[in-house]
1. Mean separation of Cα pairs under 8 Å and 6+ residues apart, divided by the residue count of the chain: what relative contact order is that in percent?
2. According to the square roots a ≥ b ≥ c of the eigenvalues of the Cα gyration tensor, what is the shape class of segment 84-201, taking rounded for a/c under 1.5, prolate for a/b larger than b/c otherwise, and oblate for the remainder?
3. For 117, 6, which order do you get if you count the other beta carbons within 10 Å of each Cβ and list the fewest first?
4. With a point put 7 Å past each Cα toward its Cβ, work out how far residue 33 is from residue 118 in nm, to one decimal.
5. Expected output is a single nm value to one decimal: the length gained when fully extending between residue 151 and residue 85, i.e. 0.36 nm times separation in residues minus the C-alpha distance. What is it?
6. For the chain, with a Gaussian network of springs between Cα atoms less than 10 Å apart, report the residue from 160, 133, 182 with the top mean-square fluctuation.
7. Taking the beta-carbon count within 10 Å as an exposure proxy, list 178, 200, 131 from fewest neighbours to most.
8. Suppose each label sits 7 Å from its Cα in the direction of the beta carbon; what would the residue 132-residue 99 distance come out to in nanometres?
């Protein structure tokens, strides 16, 4: 098992798909204790994209992406049983255990958990006039910069061994350099949210 540490350096939003009534258009995902996390399926998608690019550029053995992360999304008409699971399982990225326990404790002031979140508003501007476009104001909930950790576990060692990783190398040695290709996480990455650096421990 390996740990991947996400050092998130700006506000970020792992969207929940839910709104917050009239005040907030998009809320972030929170666990049962109201704490932020980055879903494992999101992490898997980021890792898969980074590994796929490295493979296409010729830096990784053929079939690396398929081996580690499974089949591509099913095409129209295909069933789930026609896809193949990857060799890796990836957990949610969460706060350190000690901090999680403290913030989740019933005696901890709710305001401390609420301080992990902020609201950001933006509006579209009409280029010709420089004025805000009517009804374009949008407010989203974001999470403050944090350090989160996810775990990677090998579920299928036999499948891992079908790839020739190179002399003296293992699959993790091929994955680690790909982490540098991930520069941001969450929604609105192109607008400056979710700047991140990743390390594998």
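Values in this text are rule-based calculations from the coordinates and carry no lab data. In this text, all values refer to a predicted model and were calculated from it rather than measured experimentally. Positions of Cβ are generated from backbone atoms using ideal geometry, with glycine treated the same way; all protein chains shown enter the neighbour counts.
1. Relative contact order of the chain: 38 percent.
2. Here segment 84-201 falls in the oblate category.
3. 117, 6
4. It is 2.4 nm.
5. Computed gain between residue 151 and residue 85 is 22.0 nm.
6. 133
7. 131, 200, 178
8. 3.3 nm
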